[in-house]
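A short write-up of the structure that comes next.
Read-outs: derived from the displayed coordinates by stated rules, not from any lab. Bear in mind the structure is a predicted one, so any value in this text is a computation, not a measurement. For neighbour counting, all protein chains shown are included, and Cβ atoms are generated from backbone atoms with ideal geometry for every residue, glycine included.
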Amino acid sequence: ERAAELAAIQQCGRPECAIAMSFRNACAALADGSGKRPATARGVTGAEAERNALRECGDGCRLIAWACTR
């Protein structure tokens, strides 16, 4: 887990990057909107994780990223 977190921070390449969520054998998504707090969510599929993150973030949010591990 620590190696994956370090790799993610290095890939981001910006000093303000931070780990928002760790996950294994699942999918996760990140949504954000202007003036809103970013939201992360998990799901069994990428589509489910996206829906969950967008619902958690609220109106006016957009999907920023998603990933699945298996």
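Sort 18-26, 57-65, 38-46 by the packing proxy (mean of other Cβ within 10 Å over each peptide's residues), most packed first. Intermediate values should be presented prior to the final figure.
Values: 18-26: 11.8, 57-65: 13.9, 38-46: 16.0.
Ranked from most to least packed, the peptides come out as 38-46, 57-65, 18-26.
Length gained on full extension, Ala3 to Glu56: 16.3 nm, using 0.36 nm per residue less the C-alpha separation.
Which of the three applies to the chain, rounded, prolate or oblate, going by the alpha-carbon gyration tensor with a ≥ b ≥ c and a/c under 1.5 meaning rounded?
Values: a/c = 2.66, a/b = 1.21, b/c = 2.20.
Judged from the Cα gyration tensor, the chain comes out oblate (a/c at least 1.5, b/c at or above a/b).
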